[in-house]
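Just below is one structure, and these are the notes that go with it.
Every number here is computed from the coordinates shown, using simple stated rules; none is lab data. Please read all numbers here as calculations on a predicted model, not as lab measurements. So basically every Cβ, Gly included, is an ideal-geometry build from the backbone, and we count neighbours across all protein chains shown.
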Amino acid sequence: MEKFQILTERLFLRSPNINVCFRIIIEGRIEQKRFDAAMADVSKRHPLLNCSIEIDNNRNAWFIPNAGHFEIEYYNHVEMPDWLIWYRKIDETPFDFSLGPLVKICVITHDSQSEIIILGHHVIADGIGFLNLSKDVLLALDNKLETTPQLPPDNIKFRKCSKLGFIAKIYAKKLNKEWRKNRMHFTDDDYNNFFQDYRNKYSPRMYFYSISENEMEKLLEKCKNNILTVNELLTSAFAAALSNKGELRIGVALNTRNEIKAKPFDCMCNYIS
């Protein structure tokens with residue numbers, strides 16, 4: 001993989017709280033040698049896992065291939081009785097964009113099962129991207145993973161559902177001009193300051209609910225009947241539940257995967273801006 005330009009806004013937001021975490025539970029114990037070999041295949045398929053980020057003189061951001069390998073930590077359930085202990089420890093440490101990699105992995109073995117926790121920064125993938133990664137980890141463990149590199153396409157085309165009118169075009173052009181004139185570029189040092197300030201003021205909390213197979217079938221049927229994605233339906237449900245808690249702002253991501261020329265479902269990275 002050669003260097004790959006970052007075309008989304010994820011990097012420039014420099015948000016201190018946009019890590020993505022996936023947890024996989026499988027039956028049986030995973031031997032370290034087997035998992036190392038599986039992840040070596042996964043990293044061939046998803047080169048972004050071993051990348052750092054470089055900003056050139058024109059303020060363009062690039063994924064740069066990195067000789068370093070993403071971290072994998074191994075524990076038994078006595079050493080790490082709760083995976084949230086590892087998650088909180090890692091989540092409190094900001095990723096280093098210039099050195100990379102931007103993902104960390106933990107394996108916790110129990111007597112009859114193993115937990116795989118994947119924690120990555122949003123700049124390398126959205127939720128679907130990390131879901132693709134989780135799927136490929138399981139395929140690699142079963143020696144069924146095709147290791148051909150999967151990279152997001154360079155060009156994305158969107159259908160034109162509507163066109164701006166004359167006045168709207170002028171207004172949009174004016175706003176873009178003002179934004180280019182007044183925009184601020186944040187550095188890695190700025191990001192680290194944002195991160196520490198955020199963590200000093202806020203303590204993230206996590207809540208879990210497991211959806212049964214029967215509930216999932218009902219959920220998918222409701223989505224189908226109302227022409228909604230699962231994400232849209234769940235987000236709407238959270239919005240309704242929290243509507244009496246004061247001001248509420250929730251954004252639902254636009255699904256653009258059908259607009260991408262190359263098959264996107266096997267790639268990591270972000271597909272929306």
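Say a paramagnetic label sat at a point 7 Å from the Cα of Phe238, along Cα to Cβ; which residues of the range 113-133 have their backbone N under 13 Å from it?
Under 13 Å, as judged by backbone N against the label point of Phe238, lie 127 of the range 113-133.
Sorted from largest down, what three extents in whole angstroms do the Cα atoms of the range 22-120 have along their principal axes?
That works out to 53, 29, 17 Å along the principal axes.
Binning at 10 angstrom from zero up to the longest distance, how are the C-alpha pair distances of the range 57-101 distributed in percent?
All Cα pairs considered, the percentages come to 20, 38, 27, 12, 4, 0.
Measuring from label point to label point, each 7 Å out along Cα→Cβ, what is the Tyr198 to His69 span in nm?
3.0
With each pseudo-label sitting 7 Å past Cα toward Cβ, what's the Glu217-Arg34 distance in nm, one decimal?
It is 3.2 nm.
With charges set only on the Cβ (+1 for Lys and Arg, -1 for Asp and Glu), what does the dipole of the range 1-153 come to about its Cα centre, in debye to the nearest 20?
So the magnitude is around 260 debye.
Counting other Cβ atoms within 10 Å of each Cβ, which GluC sites (Glu not before Pro) in the range 35-85 have at most 15 and sit in a DSSP loop?
Glu79
Expressed as a fraction of 2.2 N^0.38 Å, the rule-of-thumb size for a compact globular protein of N residues, what is the C-alpha radius of gyration of the range 19-75?
After normalising by residue count via 2.2 N^0.38 Å, the value is 1.48.
For the range 81-206, report the translational diffusion coefficient in µm²/s to the nearest whole number, using Stokes-Einstein at 20 °C, 1.002 mPa s, and a Kirkwood Rh over Cα pairs.
Rounded to a whole number, D works out at 111 µm²/s.
List, in the order given, every pair from Lys89/Lys201; Lys104/Lys245; Lys177/Lys201; Lys144/Lys218; Lys89/Lys135; Lys135/Lys224 whose Cα-Cα distance in the structure shown is over 28 Å.
Lys104/Lys245; Lys177/Lys201; Lys144/Lys218
Calculate the spin-label point distance for Arg183 paired with Lys224, positioning each point 7 Å from the Cα along the beta-carbon direction, and give it in nanometres.
According to this spin-label approximation, the distance is 4.3 nm.
On full extension of the chain, what length is gained from Asn76 through Ser98, given 0.36 nm per residue of separation minus the C-alpha to C-alpha distance?
Values: separation 22, 0.36 × 22 = 7.92 nm, distance 3.20 nm.
The Asn76-Ser98 span can extend by a further 4.7 nm.
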